[in-house]
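Since the structure comes first, as structure tokens, the remarks are kept for the end.
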Amino acid sequence: MNNPLNKLTQKPTESVNITEVGRFEIYNLKENPFPRSPFVNKSSTEDKLNGNIFEIAVREKEFEKIKNCFLKVPQANVDHQRLGFINDTSYIGRGNGKSAFLINLLKRINDNYCLDLSDNKNKCFAIFTVPEGGGNIKSFDKFVDLIFDSIIESNIINIAFAMLRLDILIRKYPKLSFDDTSFIELVENLNSLEWLTEKGIDIYDLNDEIKKNPYFKELNNELPISNSPGFFHSISNQKTFVEHYKKLKKDQEKNDFVFTGLVMLFLAAGFNGAYILVDDFERIPEFQSATQKKDFATQLRTILFDGMYLNSKIGFFNFLLALHAGVPRLLETAWSESGMENRVPLNPQTESNNVIAFEKLNERHSVLMLKKYLEHYRIKSVAKGDELFPFNEKSVKLISEYSEYNASKILKMAHQLIDKAASEKRKLIDENFVKTFKNDSKDFSIEIGSSDIITTKTVDLKKKAKKK
Amino acid sequence: MRNKKIVAIRKFYFLEYFDILLKSFEYSTIPETAIDMFIVLKDKKQLGESKYKKNHNTTDYSSIHTIKHLTYTFDEVLSESLDLKLVEKKGKEINISPLGNKLLGISKTKGLDKFNLEIFKLMEQKTNGFRYLIESCYNGNPTKNGLLAFPVYSPLKLGISKDEIVYNKNGLNNYFKVLQEKLESDIKIYLGIDLNIENANKSLAKRINTSGLIDNYNYSTSIFANYNKIIKRTRDYWINYFLKEIYKFDLSLSYFELWVYRSKQLGIINTHEFYPGFNGKIVYPISVLMDEKANTDFKELYSYEDGAKLYFHAPKWSSNQNEFVDILFRSYHDIKARTKSYFISLHDLRDMVCFKMKIAEKAFDEFLRKAYQLNLKNQLKIKISLETDKLPEENKAIYLMREPVLISGKPKNIIAIELKK
């Protein structure tokens, strides 16, 4: 039997070198800064995937137009733009950065609820939503469900209640202290019956105070915010709203709830508007019949402009729909038949305030974008002029050309290049390296002769017809 | 072998013209009035005067030229309809015959495809033209299952610039020479035969030189002015040469085109003018002529007096889905490697898949729709993204050079396919 001590004391003959440098350390990088498959996933925790790394300078033109034509215009002005389109102008597929742009727009708006962007004229929040592919959403009713789901996901109802309650508590319980509490914690506490009772708050009175808000004067049961009958205290929050929404069966009830009830709640909380950012909007009209498209456009018109909803009267919710090139054509007929074209033109040829053209990247943009990713993963900050290291401007230019100036493809190629360079312990990624990579890369290689009309295997009809 | 009646057809491509002519005479028996309806329906169905459909309804009725064109087409369709006894002449009026009425009923109740099939039967009874075409294809290139390739090379494709031809006295002859060599090598590749086409090339050079398009005193100016005409004549000359001398067709190019495009609408012949990786046009049968078939993927279309039958290839989804998805996936990668872009043209993909499977465009559209549905239900190992980006109408050209790919009735233009990870 082996000496049991050996098992504990014996050492391997080879020792690990702990001074070994990291794979990307030679480039002053913590890890490969570029995503392997660059499609934005909002819920990812990795910055290179969730759209967090974003060079706003690349989309300055688009952002400025949204700022000037939407965010800065006072919500109090009933003629403010209520619907806008972010139209992709390049035809080749996806990956131009629309999703990343929308997510950053969402962050920019929500950072200070638009107050900074509008010179304090507007306090607006933004929510982000993307319809599922495959034709799940054909009717407006389903679209309203989608909006409500994303309102829930954004936690904005709890935030609104927190705003309402905090106002009352500061007034009525001046001794309560909220210092050393984070924003998230604060919102959570102000929506927790347990926390409120623990702090000795009179729940019945608190609920009553909320109802006294002038915006709730006109309220006819659209919102579940009254004190509940029975012997137990309860408070309204996002959870109770979800339960309430589930009980609504008719389209009209849902519309009343979202476009009148919720609007009142947000107004009462102190917001004067909201932005609903819809990514990949074409997933809705693509699966709709002509009649469905027309109905959809008509209902959109009703809730935005002509209906009896509070939203139609004041334009609380503003929609920004991101569209692929070619989609306006899909909607054209429905748009003009429902009378929307006169209100909010969709035609990309018309230069109008509500259409934001989303252009293809250029060379300068690619440089800026790669710099931003590299900067995010640098170990030490770099000197001016070295921001692109291990790339240089010429190699970035080539990468962009090979990737047809498509943001997603540029990032993917940069990922592959830096990975290969690291394996080969190469110091620089210059033009030659990019060229060699392109020729070697499987993704780009041309399989010569494979689709030649002579060598292609085709069905021999005469033989097939004879075969049983 | 050739049947003289084969040139009895009139000069229009779309079988749909018969349908709209009958509908026009249903509207009025007076030709001068019926033509108005004919024009309305023609515009509605986007039928062009060429083999391509029209992009927009941009007919300008004020121009004499247009009216002449329209009247010509109307007269041609009327004349062939009289031949087929779909209509009858009574004095100044044209009446729909009982046969015409029967077909009109079919068009209204069973749809245009069934109507076209009836027209096909009438034409075939009179001419045997479709049979001639299919048999000639199979005889033209027996080793490649009747594939007729018509290579076309512009000077630019062969690396010769317009300037080299215009400002260099030997430029045009040089183009002819390079073209000849290229075509000889193509013939070797596509047909497996060594053929010297020098004499034919000389005859082309002679024709162009004596055509009046080239003025030897003002050489460059005349070539510059007539450049496109010269290139087109060269192209047509060689297509004609391939048709008659190599594939042994006893038919002029224009009649050949008419028969091919009419056959394409019936789903018995395919032709692609932009096949990926090939310069020129290809034509191949997607039907067979035999006495009896055994395979259930074929449907009988016509039975001839001598016992032969024409069967068209109509594979069933249930027994061909694996093959279809496999070919679709491979062809996508094939084209992707050429174009180096993630999204590729759906038209290119359709051409390639139709060629490999020998199926009609409509069958492709239907199969792709089914595969796409399965993909949405997560039942395939691949992920298919179909996009509408760039609608056919957004093309600047007047004519739609390729029929739109319709998936569930909606046009799609680009596609990407990837393996699920």
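Length gained on full extension, residue A:43 to residue A:195, computed as 0.36 nm times the residue gap minus the Cα-Cα distance: 51.8 nm. If you take all other residues with their beta carbon under 15 Å from the beta carbon of residue B:299, and give Lys and Arg +1 and Asp and Glu -1, the sum is +3.
Among the trypsin sites (Lys or Arg not before Pro) within the range B:267-329, those in coil by DSSP and having at most 11 neighbouring Cβ atoms inside 10 Å are B:316. To the nearest 10, the accessible area of residue B:313 is 10 Å² with a 1.4 Å probe.
Comparing the full protein assembly with the isolated chain, the residues of the range B:267-305 losing at least 20 square angstrom of accessible surface (1.4 Å probe) are B:275, B:288, B:290, B:294, B:295, B:298. Taking 4.7 Å between C-beta atoms as the pairing limit, chain A has these partnerless cysteines: A:69. Mean-square fluctuations from a GNM of chain B, with a 10 angstrom spring cutoff on Cα atoms, peak among B:357, B:290, B:401 at B:290. Based on Cα contacts under 8 Å between residues 6+ apart, chain B shows a relative contact order of 15 percent. Of all complete DSSP H helices in chain B, those with a Cα span along the helix axis of 18 Å or greater and a mean Kyte-Doolittle hydropathy of -1.0 or more are B:31-44, B:64-83, B:112-127, B:171-191, B:219-241, B:253-266, B:317-339, B:361-376.
Within the accessible area of the range A:206-323, the carbon and sulfur atoms contribute 53%, probe 1.4 Å, all protein chains present. Along chain B, the exposed loop sites are GluC sites (Glu not before Pro) outside DSSP states H, G, I, E and B with at most 14 other Cβ atoms within 10 Å, and the longest stretch free of them is B:1-291. Plugging the Kirkwood radius over Cα pairs into Stokes-Einstein for the range A:174-295, at a temperature of 10 °C and a viscosity of 1.306 mPa s, what D comes out in µm²/s? Translational diffusion coefficient: 91 µm²/s. Return the FRET efficiency for the residue pair residue A:21, residue B:294: r is the Cβ-Cβ distance, R0 is 56 Å, and the value is rounded to the nearest 0.05. Using R0 = 56 Å, I get an efficiency of 0.20. Between residue A:170 and residue A:145, the modelled label-to-label distance comes to 4.0 nm, taking each label 7 Å out from Cα in the direction of the beta carbon. Could you tell me what percent of the DSSP beta bridges with both partners in chain A are antiparallel, to the nearest 5? Counting only bridges with both partners in chain A, antiparallel ones make up about 5 percent. For residue B:138, the solvent-accessible surface computed with a 1.4 Å probe is close to 20 Å², ligands and nucleic acids excluded. Shown for chain B: the carbon plus sulfur share of the solvent-accessible area, taken with all protein chains present and a 1.4 angstrom probe, equals 51%.
Put simply, chains B and A cover up around 3800 Å² of each other's accessible surface, both sides summed, when a 1.4 Å probe is used. Calculated accessible area for the range B:1-117 comes out at 51 Å² per residue, all protein chains present (probe 1.4 Å; ligands, DNA, RNA ignored).
So, R0 is 25 Å and r is the distance between the beta-carbons of residue B:194 and residue B:245; what FRET efficiency does that work out to, to 0.05?
0.95
Along the Cα→Cβ direction, 7 angstrom out, place labels at residue B:99 and residue B:181. What is the inter-label distance in nm? It works out to 5.6 nm between the two label points.
Using alpha carbon centroids, what distance separates the range A:16-70 and the range B:63-81, in Å? When both Cα centres are located, 63 Å separates them.
Which of the three applies to the range A:140-225, rounded, prolate or oblate, going by the alpha-carbon gyration tensor with a ≥ b ≥ c and a/c under 1.5 meaning rounded?
oblate
Probing with 1.4 Å while keeping every protein chain in the model, the per residue accessible area of the range A:54-114 equals 36 Å². Helix screen, chain A: DSSP H segments with Cα axial length of 15 Å or more and mean Kyte-Doolittle hydropathy at least 1.0 are A:156-172.
If the chain linking residue A:204 and residue A:384 were pulled fully straight, counting 0.36 nm for each residue of separation and taking away their Cα-Cα distance, it would gain 58.7 nm. Per residue, the accessible area of the range A:227-361 comes to 41 Å² when a 1.4 Å probe rolls over the protein heavy atoms. If R0 equals 51 Å, the separation of the Cβ atoms of residue B:125 and residue A:239 corresponds to a calculated FRET efficiency of about 0.10.
Within the same chain, lysines fewer than 8 places from residue B:410 are excluded, and of the rest, those with a Cα less than 20 Å from its Cα are A:138, A:293, A:294, B:44, B:45, B:53, B:54, B:362, B:370, B:377, B:383, B:390. Hydrodynamic analysis of the range B:132-205 uses the Kirkwood radius over alpha carbon pairs. Inserted into Stokes-Einstein at 25 °C and 0.890 mPa s, it gives a translational diffusion coefficient of 176 µm²/s.
The trypsin sites (Lys or Arg not before Pro) of the range A:160-257 that DSSP puts in a loop, and whose beta carbon has at most 14 other beta carbons within 10 Å, are A:175, A:199, A:212, A:217, A:249, A:250. Using just its DSSP H runs of length 4 or more, each adding -39500 (n - 2.57), the protein assembly as shown gives a mean residue ellipticity at 222 nm of -14000 deg cm²/dmol after division by all residues. Note on the range A:155-264: lysine pairs with Cα distance below 16 Å, sequence gap of 8 or more or different chains, count 6. Extending 7 Å from Cα along the Cβ direction at residue B:381 and again at residue A:376 yields two label points whose distance is 3.4 nm.
Write out the trypsin sites (Lys or Arg not before Pro) in the range B:106-180 meeting two conditions: DSSP loop, and at most 14 other Cβ atoms within 10 Å of their Cβ. Working shown, then result.
Values: sites: B:108, B:110, B:114, B:121, B:126, B:131, B:144, B:157, B:162, B:169, B:177; in loops: B:169.
Here the sparse-neighbourhood loop sites are B:169.
With contacts taken as Cα pairs under 8 Å at a separation of at least 6 residues, the range A:36-97 carries a relative contact order of 21 percent. When a 1.4 Å probe is rolled over the protein heavy atoms, the share of accessible surface on the range A:50-126 that falls to carbon and sulfur comes to 48 percent.
The values are calculated or read from the model by the stated rules, or taken from the named source; none is laboratory data. None of these values were measured; they are calculated from a predicted model. All Cβ positions, even for glycine, are placed from backbone atoms using ideal geometry, and neighbour counts span all protein chains on display. These accessible areas exclude ligands, DNA and RNA; they are computed on the full protein's heavy atoms, side chains included. Shrake-Rupley method; radii C 1.70, N 1.55, O 1.52, S 1.80 Å.
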